[in-house]
1. Under 10 Å, Cα contacts only: if you run a Gaussian network model on the chain, which one of 23, 117, 33 comes out with the highest mean-square fluctuation?
2. Can you list residues from other chains, or at least 5 along the same chain, whose modelled amide H is less than 5 Å from the amide H of residue 2?
3. Quick one: what Rg and Dmax do you get for region 182-224 from the alpha carbons, in Å?
4. Round to a whole angstrom and tell me the spacing of the C-alpha centers of region 1-50 and region 163-218.
5. For region 173-229, what % of the accessible area comes from carbon and sulfur atoms, probe 1.4 Å?
6. Can you list the residues, at least 5 places off or on another chain, whose amide H is less than 5 Å from the amide H of residue 84, using H built in the peptide plane?
7. Pop out the carbon and sulfur fraction of the accessible area of region 1-144 as a percent, whole number, probe 1.4 Å.
8. How much of residue 199 can a 1.4 Å solvent probe reach, expressed as accessible area in Å² and rounded to 10?
Amino acid sequence: MLRVLVVDDDFMVAKLHSRQVAATEDCAVVGVAHTGADALRAAERLRPDLLLLDVYLPDMDGISVLRELRAAEERALDSDPGTDALFITAARDGATVRSALRAGAHHYLLKPFHQAALREQLRHVAAARSRLGALEVARQEDVDQLFGTRPPGSRELPKGLAAHTAELVERTLRDHPAGLSAAECAGAGALSRVSARRYLEFFAETGRVQVALRYGGTGRPERRYTWVA
C-alpha cells in the first residue's frame with residue numbers, strides 16, 4: 001500500500017487529488033496539508049511514502065518543503081526508506097522544474113493533467129520503492145531501471161484521442177493480462193475496431209503496451225497487445 005500525503009493550498013484541488021489517489025489500486029491518502037509548515041509536520045508524524053506536492057503554497061514554496069524534508073531525513077540517520085515527492089503544479093518555468101529535479105523530486109506533473117497520468121505515476125513510485133526495498137546487491141540493469149526510466153503517463157493524448165476512451169482501453173487491457181487483439185479489445189470495450197487500434201497503437205508508441213505478432217495459417221500475422229506499464 002502506497003501511503004500518500006496530499007499537499008495543496010486549494011481545498012477543492014486537494015480533495016480532488018485525494019479522490020484520485022483513493023481510486024488508484026493499492027494507494028491510500030494518510031493526510032492532507034494546505035501549507036508548507038503543515039506538510040512538514042504531517043510528514044514527520046505520518047511518515048508517508050509519497051508527497052503530492054504543489055509548488056505554490058502560502059507560506060513557502062513546495063521545493064523548499066522538499067529540501068527541508070530531505071535535510072530532516074539526513075539528520076535522522078535511520079533505516080526508514082524516506083518519502084518521495086511528486087510535484088503537481090501549474091509552475092511551468094524551466095528554473096522551477098530544474099530546482100524540483102535537483103531537490104530530489106520523483107516526477108513533475110503539470111496542471112491540468114489526465115487522471116490516468118497520475119495513476120501511472122503512483123504505480124511507478126510504488127514499483128520503484130518495491131524494487132529498492134528488495135535490492136541487496138545492484139546489477140547495472142537494476143540501476144538503469146531505477147535511475148533511467150520514467151513512465152510516459154504524463155504525455156498528452158494526441159489530437160483526436162479522448163481521455164475517457166483511453167482509460168477504457170487501459171482498463172480493458174488490464175483485465176486481460178494475456179493480451180488482446182484490436183478486434184478483441186474492441187469487442188470487450190464496446191468500441192469500433194478502428195478506434196481500439198488507434199488507442200492501442202498510441203499506448204504501444206509510448207511504451208505502455210507490448211506488441212507481439214501471432215502467426216496463423218495464412219495472411220498477415222495478428223498483432224496482440226499486452227499492458228506492461
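1. 23
2. Under 5 Å from the amide H of residue 2 lie the amide H atoms of 27, 28, each far enough along the sequence or on another chain.
3. Computed over the Cα atoms of region 182-224, radius of gyration and Dmax are 11.0, 31 Å.
4. So the two Cα centres are separated by 33 Å.
5. 50
6. Correct list: 50, 51.
7. 54
8. The value for residue 199 is about 10 Å².
The values are calculated or read from the model by the stated rules, or taken from the named source; none is laboratory data. Worth saying up front: this structure is predicted, and the values here are computed from it rather than measured. Note that each Cβ is placed from the backbone with ideal geometry, even for glycine, and that neighbours are counted across all protein chains shown. Calculation scope for accessible area: heavy atoms of the full protein, side chains included, ligands and nucleic acids excluded. Shrake-Rupley method; radii C 1.70, N 1.55, O 1.52, S 1.80 Å.
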